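The values are calculated or read from the model by the stated rules, or taken from the named source; none is laboratory data. Just so we're clear, the structure is a prediction, and the values are computed from it rather than from any experiment. No Cβ is skipped: glycine too gets one built from the backbone with ideal geometry, and neighbour counts run over all protein chains shown. These area figures cover heavy atoms from the full protein model, side chains too; ligands, DNA and RNA do not enter into them. Shrake-Rupley method; radii C 1.70, N 1.55, O 1.52, S 1.80 Å.
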Amino acid sequence: MEMVLDLDGDRPRDDEIMAQHYAIRAEEAGKISFLGNKEPLSTLAAEYELGNSIFKTKIEKLGEIYGAIRRTRGDGNCFFRAFMFSYLENLLETKNNLEAARVKDSVEKCKQTLLDLGHAEFTFEDFLASFTEQLDAVQDVTLSVDKLVDNCRDQAISDSVVMFFRFITSGEIRKRADFFEPFIFGTSGMAVQQFCRTSVEPMGEESDHVHITALSDALGVPIRIVYLDSSVGDGGKTVEVNFHDFIPSELSQEKVKPPVMLLYRPGHYDILYEK
Amino acid sequence: MSFDGGVQPNPRGQQGNPAIDASSKQSTPMSNPVETHSVARRLQSELMALMTCGDPGVSAFPEGDNIFSWIGTIKGSAGTVYDGLSYKLSLRFPTEYPFKSPTVKFDTPCFHPNVDQYGNICLDILQDKWSSAYDVRTILLSIQSLLGEPNNDSPLNSYAAALWVNQEEYRKVMLKQYRDASGVNAR
């Protein structure tokens, strides 16, 4: 790659460095599909065969509850794409038309939030339609798991839905800025608006607790995140797999099992399946 | 070519219009011609919105009959050194818009820390922080606020950046360049 130099210096500009960084990441990400096939959990164990014993122990424990994993592309959109597939697949398999109707109501509320925040409808209507078309297809029984896999691998559909989730995540955060502000400032030092502008709305920006909480609340969908990292509890004596259930406030009094279960490894989310 | 992509250009009150709902379903981008069509439709909506609720100080319109190429105008905000000046910009939209940002450049030469001699603009939302949440209006408003609030840490024009602290002198140099350029580049 030829380096383009700026006029008054001999060092590449920051935006050129960033462009290169993104190009490298895109190239790496391009090596795997947006969404992989369902694989037995043993493939995860194989990855760590020569690695850290804490991971091996944790994967064994993981195997007591979860039986399979579906990988997503590590392009910074993995949380949103994993959520898209996992949620819709769960709707399909449970044939839960009531839930499909309920989430459509949530989508309408999200739309109103975005309008109230001053977004022109044309900026998000196509993305919104991409998501509701999947919900329609669930309700009309015209969607199969195979077709859903195809849709999640189709860049036009998949990126549209991801962008819709980014929109409503940003909308939820800004609507409840007072609630989110301490978390955002605490981890990033940014103001709410700036965080949404630079870390939520652009494609490829990675997600953390703030994004997950906001999306879960915006759509009213509980999300479980299972953490696979090298942390150990009780001064190193116990090795447990930690998880956290993000439960939307209207469901907080109930005992709910999240329909979406994701495996988090630092910087990346894949989909988990219970046995 | 007309700008009408087969849909009534009605950015407001579209909700519940069955004709539009149906067309937005068909326009789920699956292949290139459809995609181009939906981008044209999106740009058409943007144009209507800009024309109906124009913000003071920014405007834009397609150049000739190509909906993918626009000319925008920004007026310098009151209370900034650019007060009273008007700048033309070109906006070129890729077929992946709004997933990819448009290429935006100053046509009118602009003396500014974050604008180079060719009119290229260094603004994060046009580069790595681009998001599909932006539209022509918000892009132009962002550039308008960049005029009055430059990012002097990573300048394209280091002379302008160095001069910025002295606003009186800055305006003098900037006005001279503005007048020279409009004289030479009168169209």
*Could you please give the count of residues in segment A:86-122 that are more than 10 Å from chain B (Cβ to nearest Cβ), at pLDDT below 95 and under 20 Å from residue A:201 (Cβ atoms)?*
0
_Quick test for you: out of B:130, B:164, pick the one residue that is aromatic (Phe, Trp, Tyr) and within 26 Å of residue B:101 (Cα to Cα)._
B:130
*Could you run through segment A:123-138 and say how many residues are touching a helix residue (DSSP H, G or I) at 6+ places or on another chain (Cβ under 6 Å) and at the interface with chain B (Cβ under 7 Å from one of its Cβ atoms)?*
2
_Going by what's in this entry, would residue B:67 be described as modelled with pLDDT under 95, in a strand (DSSP E or B), more than 13 Å from residue B:135 (Cα to Cα) and hydrophobic (A, V, I, L, M, F, W, C)?_
yes
*Being of a type outside the set (Lys, Arg) and under 11 Å from residue A:218 (Cα atoms) is the filter; apply it to segment A:106-121 and report the residue that is surrounded by the most Cβ atoms within 10 Å (Cβ to Cβ).*
A:110
*Of all residues in segment B:64-87, how many are within 15 Å of residue B:107 (Cβ to Cβ), touching a strand residue (DSSP E or B) at 6+ places or on another chain (Cβ under 9 Å) and open to solvent by less than 70 Å² (accessible area, probe 1.4 Å)?*
9
*Assess whether residue B:104 counts as being buried (at least 20 other Cβ atoms within 10 Å of the Cβ), closer than 23 Å to residue A:160 by Cβ and of a type in the set (A, V, I, L, M).*
no
_segment A:189-229: number of residues that are of a type in the set (S, T, N, Q) and away from every other protein chain (no Cβ under 14 Å)_ = 3
*What residue, among those in segment B:107-141 that are among the polar types (S, T, N, Q) and surrounded by fewer than 20 Cβ atoms within 10 Å (Cβ to Cβ), is nearest to the other protein chains (Cβ to nearest Cβ)?*
B:127
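Here is a yes/no grid of residues against (1) among the polar types (S, T, N, Q); (2) at pLDDT 85 or above:
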| residue | (1), (2) |
| --- | --- |
| B:24 | yes, no |
| B:33 | no, no |
| B:40 | no, yes |
| B:44 | yes, yes |
| B:56 | no, no |
| B:63 | no, yes |
| B:72 | no, yes |
